[in-house]
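Participant: First the structure, then my questions, so here it is.
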Amino acid sequence: MLSAADLTALVLTLKLASLTTIILLLIGTPLAWWLARSPWRFKFILEALIALPLVLPPTVLGFYLLMALGSQGLFNPPLAFSFTGLLIGSVFYSLPFVVQPLQSSFKAIGNRPLEVAATLGASRLDSFITVVVPLARPGFITAAVLGFAHTLGEFGVVLMIGGNIPGETQVLSIAIYDHVEALEYSQAHWLSAGLLMLSFVLLLSVYALNRRFNVMQP
């Protein structure tokens with residue numbers, strides 16, 4: 001039921017979502033830790049900027065990213081209409097879905113575990129790796145799954161900065177749109193149903209793993 005172009009779009013989408021999630025965890029973890037711990041009174045400005053993709057129309061964000069990544073933008077050669085451009089846009093668009101769960105988890109830990117680790121001679125890095133990361137595991141799971149799932153369903157941003165180049169920037173959401181425009185509802189149904197089931201399984205895994213972790217807590 002799926003063509004070679006559809007399978008290529010599937011592989012490209014999974015690649016984009018995987019790389020975006022990895023980058024977001026690398027960027028989002030220190031950022032969320034700073035937001036959770038910093039006493040800076042104006043950090044709410046940064047929090048608002050991070051949360052902006054939650055309320056901003058994707059085409060607006062995509063337009064400004066197109067200006068930044070296009071021929072008149074910041075990069076030479078331009079990154080618009082390339083996989084690298086899609087990756088940059090996905091990182092910006094999915095950033096709050098990773099930072100906010102991590103920030104909430106870090107806040108919930110409090111100061112006491114870190115104070116105990118410090119009295120035992122642990123450095124800040126040791127405390128973070130051996131104390132914070134295990135305690136914040138539900139937040140990491142939620143952040144990774146939400147970042148991955150949100151990237152899977154991108155449409156407006158990827159269309160604005162990536163266009164619709166088969167094998168290069170054509171992801172599943174755009175492939176579905178193409179099938180609908182061509183009245184190929186059967187192919188659109190198979191792709192849509194696959195994304196629906198994958199998204200459901202991902203969210204189900206988050207709730208199941210977090211429930212298991214909460215049960216294991218004393």
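The values are calculated or read from the model by the stated rules, or taken from the named source; none is laboratory data. As the structure is a prediction and not an experimental result, all values here were calculated from the model. Backbone-built Cβ (ideal geometry, glycine too); neighbour counts: all protein chains shown.
Participant: Scan the range 158-187 residue by residue and report those that are closer than 12 Å to residue 62 by Cβ and part of a helix (DSSP H, G or I).
Facilitator: 158, 159, 160, 161, 162
Participant: Here is a list of conditions, (1) at pLDDT 90 or above; (2) in a helix (DSSP H, G or I); (3) in contact with a helix residue (DSSP H, G or I) (Cβ under 7 Å, 6 or more places away or on another chain), and residue 44 meets all of them except one; can you say which number that is?
Facilitator: (3)
Participant: Which of the residues spanning the range 47-87 are touching a helix residue (DSSP H, G or I) at 6+ places or on another chain (Cβ under 6 Å) and exposed (fewer than 11 other Cβ atoms within 10 Å of the Cβ)?
Facilitator: 74
Participant: Test residue 209 against the stated conditions and say whether it is surrounded by fewer than 19 Cβ atoms within 10 Å (Cβ to Cβ), farther than 25 Å from residue 63 by Cβ and among the aliphatic types (A, V, I, L, M). Explain how you work it out, then say what you get.
Facilitator: Numbers: surrounded by fewer than 19 Cβ atoms within 10 Å (Cβ to Cβ): yes; farther than 25 Å from residue 63 by Cβ: yes; among the aliphatic types (A, V, I, L, M): yes.
Here the answer is yes, as residue 209 does meet what is asked.
Participant: Of all residues in the range 178-194, count the ones that are buried (at least 18 other Cβ atoms within 10 Å of the Cβ) and either touching a strand residue (DSSP E or B) at 6+ places or on another chain (Cβ under 8 Å) or among the aliphatic types (A, V, I, L, M) (or both).
Facilitator: 2
Participant: Take the range 95-133 and flag every residue that is out of contact with any Pro (no Cβ under 8 Å at 6 or more places or on another chain), buried (at least 18 other Cβ atoms within 10 Å of the Cβ) and touching a residue at least 40 places away in the same chain (Cβ under 8 Å).
Facilitator: 97, 98, 99, 100, 101, 102, 103, 106, 128 - these are the residues of the range 95-133 that are out of contact with any Pro (no Cβ under 8 Å at 6 or more places or on another chain), buried (at least 18 other Cβ atoms within 10 Å of the Cβ) and touching a residue at least 40 places away in the same chain (Cβ under 8 Å).
Participant: Could you please let me know if residue 157 is in contact (Cβ under 8 Å) with a residue 60 or more places away in the chain, touching a helix residue (DSSP H, G or I) at 6+ places or on another chain (Cβ under 9 Å) and among the aliphatic types (A, V, I, L, M)?
Facilitator: yes
Participant: Moving on. Confirm whether residue 201 is exposed (fewer than 15 other Cβ atoms within 10 Å of the Cβ) and either part of a helix (DSSP H, G or I) or under 18 Å from the mean Cα position of the chain (by Cα) (or both).
Facilitator: Taking the combined requirement at face value, the residue satisfies it.
Participant: Of the residues 20, 59, 29, only one is part of a helix (DSSP H, G or I) and at pLDDT below 95; which?
Facilitator: 59
Participant: Here's something else I'd like to know. Conditions: (1) surrounded by fewer than 22 Cβ atoms within 10 Å (Cβ to Cβ); (2) among the aliphatic types (A, V, I, L, M); (3) over 17 Å from the mean Cα position of the chain (by Cα). Residue 175 meets all but one. Number of the miss?
Facilitator: (1)
Participant: Among the residues of the range 14-36, what is the count of those that are over 13 Å from the mean Cα position of the chain (by Cα) and surrounded by 14 or more Cβ atoms within 10 Å (Cβ to Cβ)?
Facilitator: 6
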